[in-house]
Amino acid sequence: MTSVERVPEDQIVVEGLTGDAAIAHALKQCDLDVLAAYPITPQTIIVEDYQKFAANGEVDAKVIPVESEHSAMSACVGASAVGARVATASASAGLALMWEVLYCASGMRMPIVFTVANRALSAPINIHNDWSDTYGARDSGFIQIYCQSGQEAYDTTIMAFKIAEDHDVLLPIIVAIDGFILSHNVERVEMLPTEAVHKFLGKRVPFIALDPTKPITMGPLALTDYYFEFKQQQIDAINAVPDVFKKVEAEFEKMTGRKYGMFETYKTEDADIILFTHSSPGGTAKAVVDALREQGEKVGVLRLRMFRPFPAKEIAEAVKHAKAVVVFEKCLSFGAPANPLAMEVRTALYDLEKRPMVTDFVIGLGGRDVPPTTIVEGYEKTKEYLKKGKAPFFETLGVRK
């Protein structure tokens with residue numbers, strides 16, 4: 001790890017930025033070699049802003065305007081293979097078009113930073129937020145981290161390079177924000193001096209890279225004799241992520257005073273019921289908890305940040321004292337008994353001698369508003385299920401019947 005010092009306050013630049021712009025500014029400071037991307041709402045501003053930086057001579061990176069998202073991730077894999085520091089951005093159908101190459105990126109151990117403004121998948125066509133796109137990629141071998149604010153998105157994008165490029169990891173990483181809800185809303189963001197970011201990250205040191213003077217092949221073919229061993233290496237790599245994440249964030253905290261953790265707990269210490277979600281609903285849930293606490297309710301929030309690898313043991317420890325965990329998620333897993341986030345939570349709690357009840361509420365699909373009343377509804381339903389001793393596997397909230 002590089003040695004960093006606390007950045008003096010008079011060197012911090014404060015601006016009002018959208019979530020997309022905050023990510024673009026972070027990428028600007030991360031000393032990229034290549035950014036390859038194709039425009040798709042609501043991530044387009046990330047790449048548009050970065051291209052402005054490139055056009056103005058503010059960055060040295062090669063910006064590749066490819067013909068599709070499949071080509072964008074392919075270009076990122078090729079650039080990363082020769083040792084470049086690489087990033088891309090996408091959402092929704094664009095991410096889906098990358099599908100084949102996502103598995104190539106992780107299987108070839110390319111530490112690509114992939115920023116996503118989460119958006120619903122067709123059909124019907126919808127440009128607004130839910131988590132169907134990145135949740136669909138949950139088994140692709142990408143690390144996944146979800147952000148609640150522009151500041152968190154800026155900070156996490158910077159840390160993402162250091163996590164992904166660590167030689168114990170060497171995996172691509174998704175940094176996700178809620179489309180329009182965060183991508184297009186303006187918030188106060190504290191930005192570091194570029195020199196401090198450069199010192200924090202250092203130069204990428206490839207574990208191995210393509211070199212015409214020392215020819216090798218990457219990801220060509222592995223049949224029954226070797227394929228399984230490659231997958232085991234990916235297992236070992238993603239299992240190393242939590243320790244690397246903690247080291248990187250400790251160093252980032254030393255530089256900035258800010259830390260986020262793999263998840264955030266809010267008023268959970270004595271909570272009988274814990275609301276469990278991530279991204280923008282996390283802020284709404286905290287506001288609901290404040291109001292319910294004033295009424296004497298023992299309720300708290302666990303806001304997840306790291307979805308892959310899922311911090312199962314740590315979450316089980318954080319919620320084991322509760323009577324119920326109320327999951328709110330913006331994704332459906334059609335035909336499954338429950339949905340992705342709830343299934344992860346239930347699995348995490350499985351080995352506890354006394355497990356909290358887990359209720360699962362699907363909310364906000366296609367950008368449907370998630371007001372505090374929706375969170376309260378899920379909370380009140382869970383209280384009733386606790387009395388009955390049984391709950392449905394999942395329900396939808398906020399849907400017209």
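The values are calculated or read from the model by the stated rules, or taken from the named source; none is laboratory data. Given the structure is predicted, the values throughout are model-derived calculations rather than measurements. We place every Cβ from the backbone using ideal geometry, glycine too, and count neighbours over all the protein chains shown.
Tell me which residues, restricted to segment 353-366, are surrounded by fewer than 19 Cβ atoms within 10 Å (Cβ to Cβ) and either at positive phi or of a type in the set (Phe, Trp, Tyr) (or both).
Across segment 353-366, the qualifying residue is only Gly366.
Out of the residues in segment 98-135 that are among the β-branched types (Val, Ile, Thr) and in a loop (DSSP other than H, G, I, E, B), state the one that is surrounded by the fewest Cβ atoms within 10 Å (Cβ to Cβ). Full working, then the answer.
Taking segment 98-135 and keeping what is among the β-branched types (Val, Ile, Thr), we get 101, 112-113, 115-116, 125, 127, 134.
Filter once more, so that each one left must be in a loop (DSSP other than H, G, I, E, B): 112, 125, 127.
Values: Ile112: 29, Ile125: 10, Ile127: 16.
Ranking the qualifying residues of segment 98-135, first place goes to Ile125.
Here is a yes/no grid of residues against (1) buried (at least 16 other Cβ atoms within 10 Å of the Cβ); (2) under 21 Å from Thr134 (Cβ atoms):
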| position | (1), (2) |
| --- | --- |
| Asp10 | no, no |
| Glu15 | no, no |
| Gln43 | yes, yes |
| Ala55 | no, no |
| Ile64 | yes, no |
*asked:* Return the residues of segment 186-206 that are more than 22 Å from Gln144 (Cα to Cα) and part of a loop (DSSP other than H, G, I, E, B); say none if nothing qualifies.
replied: Leu192, Pro193, Gly202, Lys203, Val205
*Would you check which residues across segment 166-185 are in contact with a helix residue (DSSP H, G or I) (Cβ under 8 Å, 6 or more places away or on another chain) and either more than 22 Å from Gly16 (Cβ to Cβ) or part of a strand (DSSP E or B) (or both) and list them?*
Asp166, Asp168, Val169, Leu170, Leu171, Pro172, Ile173, Ile174, Val175, Ala176, Ile177, Asp178
_Return the pair list, or none, for Cβ contacts closer than 7 Å from residues in segment 96-112 that are closer than 22 Å to Glu229 by Cβ to residues that are among the aromatic types (Phe, Trp, Tyr), at least 6 apart or on different chains._
Leu102/Phe142; Ser106/Phe142; Gly107/Phe230
*If you check Ser68 against the conditions, is it closer than 30 Å to Ala237 by Cβ, surrounded by fewer than 17 Cβ atoms within 10 Å (Cβ to Cβ) and not assigned by TED's automatic domain parsing to the domain that holds Leu201?*
no
_Criterion violated by Tyr379 - all others in (1) crowded, with 20+ Cβ neighbours inside 10 Å; (2) closer than 18 Å to Met262 by Cα satisfied_ = (2)
*Among the residues of segment 89-97, is there at least one that is in a strand (DSSP E or B) and either surrounded by 24 or more Cβ atoms within 10 Å (Cβ to Cβ) or of a type in the set (S, T, N, Q) (or both)?*
yes
_Quick check on Val327: is it touching a strand residue (DSSP E or B) at 6+ places or on another chain (Cβ under 6 Å), buried (at least 18 other Cβ atoms within 10 Å of the Cβ) and either under 23 Å from Asp290 (Cβ atoms) or of a type in the set (Val, Ile, Thr) (or both)?_
yes
*Of all the strands (runs of 3 or more DSSP E) wholly in segment 248-304, which have at least 1 residues that are basic (Lys, Arg) and over 21 Å from the mean Cα position of the chain (by Cα)?*
none
_Some residue of segment 183-205 being in contact with a Pro (Cβ under 8 Å, 6 or more places away or on another chain), modelled with pLDDT of 95 or more and surrounded by fewer than 19 Cβ atoms within 10 Å (Cβ to Cβ)_ = yes
